[in-house]
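Attaching a single structure in structure tokens format; questions to follow.
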Ligand code: MN
């Protein structure tokens, strides 16, 4: 998977990159929310991890709101040190898919990557199956040929 991680604390970035590498995931880090927004359409991430308290002009919440306004449906997990009551709700309301509090336990991160990797593979499989169904129906001639081949094989 390609993961975009918007985070200004490099210790957290190192941790996430290390865990991601074990699962052969790629991590693109932005310390500034505006940079993440500007590159989002090009990056096309499968998963986003979003720090809420960012050093730049925008908060993580604002970045999420803008992404959702632009129509992006990519799963976004808020990663935040805020321990305030109602913080989780605020993130979900802004359009986050899930929420994790810092410091992030490594096992939680491993499980998260695993879960979204599975989801992504299922989505890809569905897309392939839809394509197969779109192909034209068999012609009578090709069906007859197939039946003939089957008969030969069974002998
Ligand atoms: Mn931060």
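The values are calculated or read from the model by the stated rules, or taken from the named source; none is laboratory data. Here the structure is a predicted model, which means the values were calculated and not measured. So basically every Cβ, Gly included, is an ideal-geometry build from the backbone, and we count neighbours across all protein chains shown.
Conditions first: (1) at positive phi; (2) under 17 Å from the mean Cα position of the chain (by Cα). Residue 74 passes all but one, so which condition is the exception?
Failed condition: (1).
Same structure again: Within the stretch 24-38, does at least one residue satisfy the condition of being surrounded by 21 or more Cβ atoms within 10 Å (Cβ to Cβ), more than 12 Å from the ligand (Cβ to nearest atom), at negative phi and part of a loop (DSSP other than H, G, I, E, B)?
Taking every residue of the stretch 24-38 in turn, none turns out to be surrounded by 21 or more Cβ atoms within 10 Å (Cβ to Cβ), more than 12 Å from the ligand (Cβ to nearest atom), at negative phi and part of a loop (DSSP other than H, G, I, E, B).
Scan the stretch 41-100 for residues that are in a loop (DSSP other than H, G, I, E, B), more than 17 Å from residue 8 (Cβ to Cβ) and within 16 Å of the ligand (Cβ to nearest atom) and jot them down.
83, 84, 96
Something else now. Hey, residue 87 hits all of (1) at pLDDT 85 or above; (2) in contact with a strand residue (DSSP E or B) (Cβ under 7 Å, 6 or more places away or on another chain) but one; which does it fall short on?
For residue 87, the exception is condition (1).
Tell me, yes or no, whether the stretch 101-120 has at least one residue that is in a helix (DSSP H, G or I) and at pLDDT below 85.
Checked against the condition, which is being in a helix (DSSP H, G or I) and at pLDDT below 85, the stretch 101-120 yields at least one hit.
Related question: If you go through the stretch 1-23 one residue at a time, how many are within 17 Å of residue 107 (Cα to Cα), within 16 Å of the ligand (Cβ to nearest atom) and in contact (Cβ under 8 Å) with a residue 24 or more places away in the chain?
Number satisfying all stated conditions: 3.
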